[in-house]
1. So between Ile6 and Met56, what do we pick up on full extension, going 0.36 nm a residue minus the alpha carbon distance?
2. Starting from 0.36 nm per residue, how many nanometres of slack lie between Ile107 and Val198 once their C-alpha separation is accounted for?
3. Take the alpha carbon atoms of the range 8-45, find their center, do the same for the range 141-188, and report the distance between the two centers in whole angstrom.
4. Using every alpha carbon pair in the range 1-76, what percent of pairs falls into each 10 Å bin from 0 up to the bin containing the largest distance?
5. Normalised radius of gyration for the range 151-204, please: alpha carbon Rg relative to 2.2 N^0.38 Å, two decimal places.
6. State, to one decimal in nm, how far the label point of Arg141 lies from the label point of Arg171, with both points 7 Å from Cα in the Cβ direction.
Amino acid sequence: MIIQAIAFYVFAAVAIASGVMVISQRNPVHSVLFLILAFFNAAALFVLMGAEFLAMILIIVYVGAVAVLFLFVVMMLDINFAELRQGFLQYLPVGGIIGLILLVELIMIFGTWVVAPEAGQARLVPAPTPGELTNTHALGRVLYTHYIYLFQAAGLILLVAMIGAIVLTLRKREGVKRQSIATQNARRRDEAVAVVKVTTRGGV
């Protein structure tokens, strides 16, 4: 238990420090790198809680896709962040109002939790899984049996969204030569090959 507590406090401290560094760094590339570090520490906390599936998904999806995508976009676009910060003061009142609203909501949430702690106990307690099943196995059994239709519907929605994004971003520019495989395969021999009889020292 002592080793688990020490590991929890170490990973939690590094995750909090990484989150602070994400919003305090001037270089956006450094911010994305600290974001990846925060994701890794959050995945380690999930492993300590026994939720190895969530830890794996966090690393594969967020670190392997989202964070790396952010990093490449920031590096390739070469955004001039000095120009973006020039209009910071004109948006400061709106940002302050939104931050104040969020602060009031957080105070109300924590105040309700302190005044009525029994309100958080009115939750559905999940049924314990058998000892021979791992967390990933039990989650897969539930997902692919009771929620298989919802899972397939979510997959179809994501597929349609991906196709729509590809169609919206596909643009045909005039004057750009493109390869047409169907046109090339439909050519006949007399259209592609020309037999020319060349005289000696006459040239083509």
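1. Additional length available on full extension: 15.8 nm.
2. So the extension gain works out to 23.6 nm.
3. A separation of 35 Å, based on Cα centres.
4. All Cα pairs, binned at 10 Å, distribute as 21, 45, 27, 7, 0 percent.
5. Computed over Cα atoms of the range 151-204, the ratio equals 2.32.
6. The modelled label-to-label distance comes out at 5.3 nm.
Read-outs throughout are calculated quantities, based only on the coordinates presented, and are distinct from any laboratory measurement. Because the structure is a prediction, the values reported are computed rather than measured. Counting neighbours? That spans all protein chains shown, and the Cβs are built from the backbone with ideal geometry, glycine included.
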